[in-house]
Each structure stands twice: as structure tokens, then as C-alpha cells.
Amino acid sequence: MAEYETFTNDVLVIGSGGAGLRAAIEASAAGVSVGMVCKCLLGKAHTVMAEGGIAAALANVDERDNWKVHFADTMRGGQYVNQWRMAELHAKEAPDRVRELEAWGAVFDRTNDGRILQRNFGGHKYPRLAHVGDRTGLEMIRTLQDHGVHRGIDVHMEICILTLLKDGNRIAGAFGYDRERGRFKLFRAKAIVLATGGIGKAYKITSNSWDCTGDGHALAYHVGAELIDMEFVQFHPTGMVWPPSVSGMLVTEGVRGEGGILTNKEGNRFMFDEIPESYRAQTADNEEEGWRYCLGDKNARRPPELLTRDHVARCIVREIKEGRGTPHGGVYLDISWIKERIPNAEEHIKRKLPSMYHQFKALGDVDITREPMEVGPTTHYIMGGVHVDPDTEMSRVPGLFAAGECAAGINGANRLGGNSLSDLLVFGKRAGEFAARFARDNSLGKIDSPSRAGTIDIVAREALAPFESHGRGSENPYAVQRDLQEVMQHNVGIVRNEHEMLSALQELQKFWERANHVGVIGNRDFNPGWHTALDLRSLLTVSEAITRAAIERKESRGAQFREDCPKKDERFAKVNTIIVKADDGSMRVRLEPLPEMPDYLKRVVEEMK
Ligand SMILES: Cc1cc2nc3c(=O)[nH]c(=O)nc-3n(C[C@H](O)[C@H](O)[C@H](O)COP(=O)(O)OP(=O)(O)OC[C@H]3O[C@@H](n4cnc5c(N)ncnc54)[C@H](O)[C@@H]3O)c2cc1C
């Protein structure tokens, strides 16, 4: 029998990023007891890295902005396969969530008359991103933590959840281990909120931090929740390409929002070469107009560098593939050119983009106030995730909620920059509220029945297996992880085709077998090799889900570009891909029609075209 320590709360939140913290605050404000576990240290969740800002139609910089424009922008960006209700709630509630953050002490950049300053970002019609320089995520986490710490939330840091436990159909708890000492822990709860973030570590080149291994997606899938839209992985157009040790590290879209331009090695500003029809009316057709937009001229249209991420990333790949890339295989992103247009440009850049200045100076010996950066696409965000009810964030498993990047629906085929931080606040709050309500209406599920105790023992045995396997022809967990990342990068990356994805599925099968034979040396204390071995199950689950969904969607839309089906296809215009675990344990994919958008929202979309 496995030995473990037990903790009990009404609501358990898994993850301490923006979504987890906001959910925990709301649940505890509703008067229930709240526990929060996170794989990382508190304050170090991936949200802390967010740079450019939080999208909310506050209309502080441009009074023409309102929820309807934000809703229409989000739907257009998502190519209309978003869950319309989530996009509606998000656009309507984001301004209140940002003001609330301000009331809790977030120190945003300011307009001259003292309101929250908003900046331009790709796909947003008006300046909409509330920000703190390019360190918005840090301020968000600091504020939420400061606020949450007084609420009596039980925080368990550096705990990795390995499995969720059910009582019959409903959720009853979670089982994991602490990363320091490797001891097992059982968390009993009436309701659980998953807020475990993204999947970037399934790819070789990524902006994501080490704990973005798709655990929440996999945990939910293995207990019967549905995953939707998994094919839609966002490749951010601008990651660092040099030096190799930091390749993939994000270069915020805020650089382009402040006037940064993209050029190829011939000096051509190539984003003017191809402007999608659906954005033509909103996009500047000359450099002069684009610059006036960046200065705040309300009669100017935005420069093509601020088109949606899927499009910008593909244009960059085209330039590189056709031989117009930079020496290190990227394109140039130049903000230093604004010194031709404004006085004190150097100071301006350092003030507006302090992290970018330091990042390039320290890591690449590039002074961005004087020279261009070399950038290329990097795996950044997953639009797909746990299928939840738009209003309550509950999954198909009673008592299991999800919010933030591990949930899905609001973004459709492509997320607009800034819409994640507002998503965390809007749906984190809702998840906390409805999880607390569920906890008040339900008792604790049983986990001491023979079958539950059996599950715990099996999971504990499997978790310790890598110690037993070591030395007998075992696999190195780092090698399996690296090979998996290579395959996902090359076969299920930014440009896809069926042949390569089918071959990826075969490779994934082999990786599952290798993962079952990984061996690690040492003991359970402070053992990163062991942690890597345990991450493989989630990475493999999400990789398979992404690949199967991408094969099923036989078209190009948003973040999914298929060179064998390069156009949009009407058959896929109103469906989501759904991934479920079948009774025999295999992964199944099916298409499901989207809920019909009500007439009042159809009118909003029409009006904003
Ligand atoms: C460099 C960068 C800049 C970005 N800038 C912006 C921006 O300006 N605006 C914007 O809107 N978006 C931005 N994004 C995207 C945004 O930051 C993320 O989508 C968002 O922060 C995800 O938040 P989250 O709360 O869902 O998850 P995270 O912040 O990733 O938190 C996940 C939590 O779950 C924990 N966890 C994971 N697995 C387990 C497990 N098995 N057991 C226990 N705990 C677990 C983790 O340790 C962590 O605490 C940026 C992303 C990057 C990489």
C-alpha cells in the first residue's frame, strides 16, 4: 500500500498562475475552504512571464472601443470557431476584472490624465491592452498573490498532481507527490479547478516555461472530460532565434505595437505583400499610415505587422523558406528605426520595453535601441483544452472545472494577444465562483473504496517504476522527451500535412513504449530526471491529441496550416474537434457542431465588419 499524507478542502485549485489565483480568491471569498497546489514555487507560474498586457475594452485611449468591438475582433481572430458565449462573457467582463485588479493594487502604466494606459496589439481594432511596461504578468501575479494571501488559502508549492480521483462519475480528489522529497500526497475536495496552463514543452522551440507540460489537459482527459480544438497550437511570430541557448524565448508583440517593423534580409517590409481579405479594410496600405496609427492617429489604420499571429508567423516562414531570411534563420524586427521619427527614441524604447532591452542586451549582445533583432516563430499557446460550460467552467465531469490556458473555447482557431490574461481573470473568477457553489451543494466524494485505493496504489507504483527499471536496458527520460519534441516540431508544427502527421502518430506509439521503460538513477529527493520521466505521460497524451485533431481538420484555418489542404473548407467552418478517451483506453476524435450564435451577436459581427 502506498504511503501518503492527506489534505482536505472544499475546493482544490491546481495551478498558481493567473487563472488559479483568481479562482482561489473567488472560491475563498464565497466562504468555502480552498487549497491550492502548484508544481512550481508560488509566484513563479508561467503567467509571471506575460509581457504585453491584458486586453479589455476600457476605452481609455480610444473612446470608440466597447465590448462589441472586442467581441467581434476575438471572433474574427478565431475564424468564427470560438464558443461565442465565452467570447461574449470575456468581452463584457474583462473591463471590470482589470479595474478590480487596479483596486487591489496593480500599478498600471497611465494616460496623461491618470487612467489605465492601453496599447496596440495584433488583431485588436483599437489600443486595448492595459499594461505595466512589458512586465504585465509579473504585476498581475504580484497583485493576485498579495490579495489572495490574506484569504487563508492553503498553499502547497512544488507538488505535482499525477492523477485525479473520482467517486463514481464525480470528482473526489487528486493524488500527487512533492518535488522536493518525492513523498506522495492525497488531496480530497468536493470540487477541483484545473488551472495548469499550456503544453509548449511538447515542442522543441517554445516560449513556455518548464512546467507547461499539458498536465491539466491530460489529467482531465484520463478521467473522462472532453478536449476540444487541440489542433490549434499558436506559433508566436517573434521568438529569439539567436543565440541557440535561448532560441524560442518570446519577443513581445508590444514591440510591434510600439512601432516595430518586420523586414527580410533584402530590407523589404514584407508584411505589406500579403494582407488577408478579411482584414484589408482595417489595415494600412502604406508605411506612413501605419506609423500614424502607432502614434495614436484615430483616422489611420493599423500596420500589417499587427495582423493576427497566425498570419504574421506564416509570412515569416515564407520569407525564410524562400531564402530571404537572416543569417541565423529568422527575419529582422526593428524598433530602433523610430529614432528617425521621434526625439529621445532610445529612452522611449527602454521605458516602454525594458525587458526586451535587457533580454537582447544580456543574452544576445544586441542593443535594440540601435540595431534590429533577429526573430522567428516559436510555440507559444494552445487554443485547445478542456471543454467547459461557458458560464460555469465545469467540464463534463461533475465537480471538475477548468480555467485559463488549459481550458478552451474562447479563442477558436487563433488567440489575439492580450486575450489570455483577460481570459484568466474572467474565467478564473467564474470557475472559482461555481466550484464554491458546487462544493456547498455536494458532500465529499468517497476515495477509500477498494477501487479508489487501488487507483492510488497503481499510480504510486507506476510513478516509482523508473527507479526499478534503471540499468536494465532502460530508456533515458531526457532522450525520450527530446525525440518527442523533435517529432512534434517537424511533423505537427507550423506547416502540416497528413503524411507527416500519420508518421508522427506512429512515432508517438513508439515513444509510449519507450516511456514505459524509462529508468532514473538516485532517489526520490530533488530528482529532476525522475520529474522528467513523470512528465512524459502528459506530454504524450497532449501530443497525440494535437496530432489526431489536426489530421481530422482537413483544412487550413487560423493556427492550423495544412499544405495538403491550404484553403478553408465550409465543412469545418462550424465544428469543433472533440477528443475523448474511449472505454478501451484508446483516443477518439470526432467533429461536433458549434452552438448556433444568437441573432443579436450575429448583428454585432456584421456591424463590426
Ligand atoms: C513570454 C510570454 C509572454 C506572454 N505575454 C502575454 C501577454 O502579454 N498577454 C496575454 O494575454 N498573454 C500572454 N502570454 C500567454 C499567457 O501568459 C498564458 O497563456 C497564461 O499566463 C497562462 O496562465 P494560466 O493561469 O492558465 O497558467 P500558468 O500561468 O501556466 O500556471 C499554471 C500553473 O499550474 C501548475 N501546474 C502545472 N501542472 C501541474 C501539476 N501536474 N500539478 C500541480 N500544478 C501544476 C504550474 O506549476 C503553474 O503554477 C504570454 C506567454 C509567454 C510565454
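Residues that are touching an Asp or Glu at 6+ places or on another chain (Cβ under 8 Å) and buried (at least 22 other Cβ atoms within 10 Å of the Cβ) within segment 92-107 comprise just one, Ala106. Applying the criterion of being modelled with pLDDT of 95 or more and more than 16 Å from Val241 (Cβ to Cβ) to the residues of segment 355-372, the residue that is farthest from the chain's Cα centre (by Cα) is Arg370.
For beta carbons closer than 6 Å, sequence separation of 6+ or different chains, a first residue in segment 265-291 that is outside any helix (DSSP H, G or I) and a second that is among the polar types (S, T, N, Q) and buried (at least 17 other Cβ atoms within 10 Å of the Cβ), the qualifying pairs are Lys265/Thr326; Arg269/Thr263; Ile275/Thr283.
Determine whether segment 10-21 contains at least one residue that is more than 16 Å from the ligand (Cβ to nearest atom) and either out of contact with any Ser or Thr (no Cβ under 6 Å at 6 or more places or on another chain) or closer than 20 Å to Ala402 by Cα (or both). Within segment 10-21 (the criterion being more than 16 Å from the ligand (Cβ to nearest atom) and either out of contact with any Ser or Thr (no Cβ under 6 Å at 6 or more places or on another chain) or closer than 20 Å to Ala402 by Cα (or both)), the answer is yes, since at least one residue qualifies. Candidates Ala402, Ala431: the one that is out of contact with any helix residue (DSSP H, G or I) (no Cβ under 6 Å at 6 or more places or on another chain), within 13 Å of the ligand (Cβ to nearest atom), in contact (Cβ under 8 Å) with a residue 24 or more places away in the chain and outside the structural domain of Ser543 (by TED's automatic domain parsing) is Ala402.
When you check Arg119 against the structure, is it closer than 25 Å to Asp423 by Cα, more than 11 Å from the ligand (Cβ to nearest atom) and in contact (Cβ under 8 Å) with a residue 12 or more places away in the chain, yes or no? Spelling it out, it is not the case that Arg119 is closer than 25 Å to Asp423 by Cα, more than 11 Å from the ligand (Cβ to nearest atom) and in contact (Cβ under 8 Å) with a residue 12 or more places away in the chain.
Taking first residues from segment 46-59 that are among the hydroxyl-bearing types (Ser, Thr, Tyr) and partners that are in a loop (DSSP other than H, G, I, E, B) and near the ligand (Cβ under 7 Å from one of its atoms), the Cβ contacts under 9 Å between residues at least 6 apart in sequence or on separate chains come to Thr47/Ser16; Thr47/Gly17; Thr47/Gly197. For segment 182-196, the set of residues classified as assigned to a loop (DSSP other than H, G, I, E, B), more than 8 Å from the ligand (Cβ to nearest atom) and within 23 Å of Ala408 (Cβ to Cβ) is empty. Among the residues of segment 123-148, those identified as assigned to a loop (DSSP other than H, G, I, E, B) and within 27 Å of Thr213 (Cβ to Cβ) are Asp134, Arg135. Filtered by the rule that a residue be away from the ligand (no atom under 13 Å from the Cβ) and either at positive phi or part of a helix (DSSP H, G or I) (or both), segment 405-428 gives Gly409, Gly412. Counting the residues of segment 35-53 that are aliphatic (A, V, I, L, M) and near the ligand (Cβ under 6 Å from one of its atoms) gives 4. Arg151: touching a residue at least 24 places away in the same chain (Cβ under 8 Å), assigned to a loop (DSSP other than H, G, I, E, B) and more than 11 Å from the ligand (Cβ to nearest atom), yes or no? The answer is yes for Arg151. Of the residues in segment 520-533, at least one is touching a Pro at 6+ places or on another chain (Cβ under 6 Å), buried (at least 20 other Cβ atoms within 10 Å of the Cβ) and more than 21 Å from Thr196 (Cα to Cα). Evaluation of Ala24 against the conditions (1) touching a Cys at 6+ places or on another chain (Cβ under 8 Å); (2) assigned to a helix (DSSP H, G or I) shows that the sole unmet condition is (1). Criterion first (outside any helix (DSSP H, G or I) and either surrounded by fewer than 19 Cβ atoms within 10 Å (Cβ to Cβ) or without any contact (Cβ under 8 Å) to a residue 40 or more places away in the chain (or both)) does Ser443 satisfy it? When the stated conditions are applied, Ser443 passes them.
For segment 263-275, the criterion of being buried (at least 24 other Cβ atoms within 10 Å of the Cβ) and of a type outside the set (A, V, I, L, M) is satisfied by no residue at all.
Just one of (1) away from the ligand (no atom under 16 Å from the Cβ); (2) more than 26 Å from Arg341 (Cα to Cα); (3) in contact with a Ser or Thr (Cβ under 8 Å, 6 or more places away or on another chain) fails for Arg269. It is (2). Scanning segment 110-154 for residues that are surrounded by fewer than 18 Cβ atoms within 10 Å (Cβ to Cβ), of a type in the set (Asp, Glu) and farther than 14 Å from Leu42 by Cα turns up just one, Asp113. With respect to the conditions (1) over 28 Å from Glu139 (Cβ atoms); (2) touching a strand residue (DSSP E or B) at 6+ places or on another chain (Cβ under 9 Å); (3) part of a helix (DSSP H, G or I), Glu374 lacks only one, and its number is (3). Among the residues of segment 13-45, those that are surrounded by fewer than 24 Cβ atoms within 10 Å (Cβ to Cβ), among the small types (Gly, Ala, Ser) and out of contact with any strand residue (DSSP E or B) (no Cβ under 6 Å at 6 or more places or on another chain) comprise Ala29, Ala30, Gly31, Gly43. If we scan segment 240-250, do we find a residue that is out of contact with any helix residue (DSSP H, G or I) (no Cβ under 6 Å at 6 or more places or on another chain), assigned by TED's automatic domain parsing to the domain that holds Tyr357 and buried (at least 24 other Cβ atoms within 10 Å of the Cβ)? Among the residues of segment 240-250, at least one is out of contact with any helix residue (DSSP H, G or I) (no Cβ under 6 Å at 6 or more places or on another chain), assigned by TED's automatic domain parsing to the domain that holds Tyr357 and buried (at least 24 other Cβ atoms within 10 Å of the Cβ), which makes the answer yes. Annotation: of all residues in segment 75-91 being more than 16 Å from the ligand (Cβ to nearest atom) and not in a helix (DSSP H, G or I), the one that is surrounded by the fewest Cβ atoms within 10 Å (Cβ to Cβ) is Tyr80. Name the single residue, out of those in segment 232-247 being in a loop (DSSP other than H, G, I, E, B) and in contact with a strand residue (DSSP E or B) (Cβ under 9 Å, 6 or more places away or on another chain), that is modelled with the lowest pLDDT. Residue satisfying both the conditions and the ranking: Trp242. Return the only residue of Ala30, Ala24 being within 24 Å of Ala402 (Cα to Cα) and more than 25 Å from the chain's Cα centre (by Cα). It is Ala30. Free of Cβ contacts under 8 Å to residues at least 24 places away in the same chain and part of a strand (DSSP E or B), is that true of Arg588? For Arg588, the condition - free of Cβ contacts under 8 Å to residues at least 24 places away in the same chain and part of a strand (DSSP E or B) - is met.
Among the residues of segment 197-253, those identified as near the ligand (Cβ under 10 Å from one of its atoms), among the β-branched types (Val, Ile, Thr) and farther than 21 Å from Arg482 by Cβ are Val251, Thr252.
The values are calculated or read from the model by the stated rules, or taken from the named source; none is laboratory data. No experiment lies behind these values; they were computed from the predicted model shown. Positions of Cβ are backbone-derived with ideal geometry, glycine not excepted, and every protein chain shown enters the neighbour counts.
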